[in-house]
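Below you'll find the structure, written out as structure tokens, and then a few comments.
The values are calculated or read from the model by the stated rules, or taken from the named source; none is laboratory data. Being a predicted model, the structure only gives us computed values, none of them experimental. Cβ placement follows ideal geometry from the backbone for every residue including glycine, while neighbour counts extend to all protein chains displayed. All accessible areas refer to the heavy atoms of the entire protein, side chains included, with ligands and DNA or RNA removed. Shrake-Rupley method; radii C 1.70, N 1.55, O 1.52, S 1.80 Å.
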Amino acid sequence: MSKYHLPTGTSSDGPYDLLVTPESAGWGYSGLRILTLKPGEAHAVSTGDSEFLVLPLTGSCTVTTDGSVFELTGRTGVFASVTDFAYLPRESEALISSAAGGRFALPSARTGRSSLSARYGSKENVPVELRGAGACSRQVNNYCLPGTFEAEQLLVCEVLTPGGNWSSYPPHKHDQARPGQESELEEIYYFEVSGGENGFGYLGVPPRERSRAWGRVYGTAERPIDVLAEARSGDAVLIPHGWHGPSIAAPGYDLYYLNVMAGPGPDRAWLICDDPAHGWVRSTWDARDIDDRLPFAAEENH
């Protein structure tokens, strides 16, 4: 279990609160770094054989790369609004600087292609989707998916789940290449949990009292895996294969997670297969309303 559940601080490295590379994860493509910059600090990034996003979690930053300068307005926190972001292609150099400081996610995907250039993604163009219904209601911010933003291999979205609700449900998987049915994708979940009605108390809550959520990963007879993790703010869970879900937000604590996916397929696609034991749950949503707590910060998202 410790191989796949990375509690906050256990995978830190220098300026990175979290550092997951294909090598450290033991797979081939997906990566994620969580970068903290103090006011006035800057950090240089070399993308190497991977493409990256620079996605603000809190705060704003300037991304300078290959003669381009992208001013990212960012946001005050992951529950406050969607954010703008920057795309960095493979084999590029970038400097990330922040006048006021902040925390920034750098999701990445190893790729052999380099047909794209560095560019800016505006928050106004991020599709915000309300998925599910009733206690399965959640919000999905579709940053970098087929049809929303072009990339070589990288797939990135955020899921926000109101307290007491379930997301990543029904359990599903994407570990086989089946054209038109399922993609082969490695996935990283990065979690943050709210501290209550005042928003961001989880950032300074003592470890034994921190907000929490739960998640499950389980496999097949041919490819066994079994992970049942209590995920706290700053934690990550690696999903190399197998069914995964649900992610459960405890009542009173809103749950956020960043999904990073990539795989070997020649076509960039996100195709999932529901666990047949639970897929019927989707049919119950038609008779239920979407949770009226969604979308989060609607006035800022639109």
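In this structure, does GLU158 turn out to be under 21 Å from SER194 (Cα atoms), in a strand (DSSP E or B) and open to solvent by less than 10 Å² (accessible area, probe 1.4 Å)? Even if it seems obvious, please write down each step before you answer.
Values: under 21 Å from SER194 (Cα atoms): yes; in a strand (DSSP E or B): yes; open to solvent by less than 10 Å² (accessible area, probe 1.4 Å): yes.
In short, yes.
Got at least one residue in segment 250-262 being open to solvent by 30 Å² or more (accessible area, probe 1.4 Å), in contact with a helix residue (DSSP H, G or I) (Cβ under 9 Å, 6 or more places away or on another chain), of a type outside the set (Val, Ile, Thr) and at pLDDT below 85?
Pass one, segment 250-262, residues open to solvent by 30 Å² or more (accessible area, probe 1.4 Å): 251-254.
If we keep only those that are in contact with a helix residue (DSSP H, G or I) (Cβ under 9 Å, 6 or more places away or on another chain) as well, we get 253.
So of that shortlist, the ones also of a type outside the set (Val, Ile, Thr) come out as 253.
So of that shortlist, the ones also at pLDDT below 85 come out as none.
No, every residue in segment 250-262 fails to be open to solvent by 30 Å² or more (accessible area, probe 1.4 Å), in contact with a helix residue (DSSP H, G or I) (Cβ under 9 Å, 6 or more places away or on another chain), of a type outside the set (Val, Ile, Thr) and at pLDDT below 85.
To keep it simple, each residue is scored yes or no on (1) open to solvent by less than 60 Å² (accessible area, probe 1.4 Å); (2) modelled with pLDDT under 95; (3) closer than 30 Å to GLY265 by Cβ; (4) not in a strand (DSSP E or B).
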site	(1), (2), (3), (4)
LEU55	yes, no, yes, no
CYS61	yes, no, no, no
PHE70	yes, no, yes, no
ALA86	yes, no, yes, no
ALA100	no, no, no, yes
PHE104	yes, no, yes, no
PRO107	yes, no, yes, no
LEU116	yes, no, yes, yes
TYR120	no, no, yes, no
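Counting only residues that are of a type in the set (Asp, Glu) and either in contact with a strand residue (DSSP E or B) (Cβ under 6 Å, 6 or more places away or on another chain) or part of a loop (DSSP other than H, G, I, E, B) (or both), how many does segment 9-40 have?
Final tally of qualifying residues: 2.
Pull up segment 205-228, narrow it to residues that are under 15 Å from PRO171 (Cα atoms) and buried (at least 20 other Cβ atoms within 10 Å of the Cβ), then point me to the one that is modelled with the lowest pLDDT. Spell out the reasoning first.
Step one: of segment 205-228, the residues under 15 Å from PRO171 (Cα atoms) are 214-220, 225-228.
With buried (at least 20 other Cβ atoms within 10 Å of the Cβ) added as a condition, the list becomes 215, 217.
On the way: GLY215: 49, VAL217: 57.
Selected residue: GLY215.
Can you name the residue in segment 122-142 that is under 26 Å from ALA236 (Cβ atoms) and among the aliphatic types (A, V, I, L, M) and is also surrounded by the fewest Cβ atoms within 10 Å (Cβ to Cβ) among such residues? Full working, then the answer.
Of all residues in segment 122-142, those under 26 Å from ALA236 (Cβ atoms) come to 123, 126-132, 135-142.
Next, only the ones that are among the aliphatic types (A, V, I, L, M) stay: 126, 128, 130, 135, 140.
Values: VAL126: 21, VAL128: 19, LEU130: 13, ALA135: 15, VAL140: 20.
Here the answer is LEU130.
Let me confirm something: among ASP267, ASP275, which residue is closer than 27 Å to THR111 by Cβ, charged (D, E, K, R) and at pLDDT below 95?
Of ASP267, ASP275, the one residue that is closer than 27 Å to THR111 by Cβ, charged (D, E, K, R) and at pLDDT below 95 is ASP267.
If I ask for residues that are under 22 Å from ASP49 (Cβ atoms) and in a loop (DSSP other than H, G, I, E, B), which ones from segment 132-144 would you list?
Answer for segment 132-144, where residues must be under 22 Å from ASP49 (Cβ atoms) and in a loop (DSSP other than H, G, I, E, B): there is none.
Which members of segment 5-39 meet the condition of being over 24 Å from ASP49 (Cβ atoms) and either open to solvent by less than 60 Å² (accessible area, probe 1.4 Å) or more than 16 Å from the chain's Cα centre (by Cα) (or both)? Full working, then the answer.
Start the filter on segment 5-39 by keeping residues that are over 24 Å from ASP49 (Cβ atoms), which leaves 5, 7-10, 36-39.
Within segment 5-39, HIS5, PRO7, GLY9, THR10, THR36, LEU37, LYS38, PRO39 qualify.
Quick one: is GLU41 out of contact with any Lys or Arg (no Cβ under 8 Å at 6 or more places or on another chain), of a type in the set (Asp, Glu) and without any contact (Cβ under 8 Å) to a residue 24 or more places away in the chain?
No, not satisfied.
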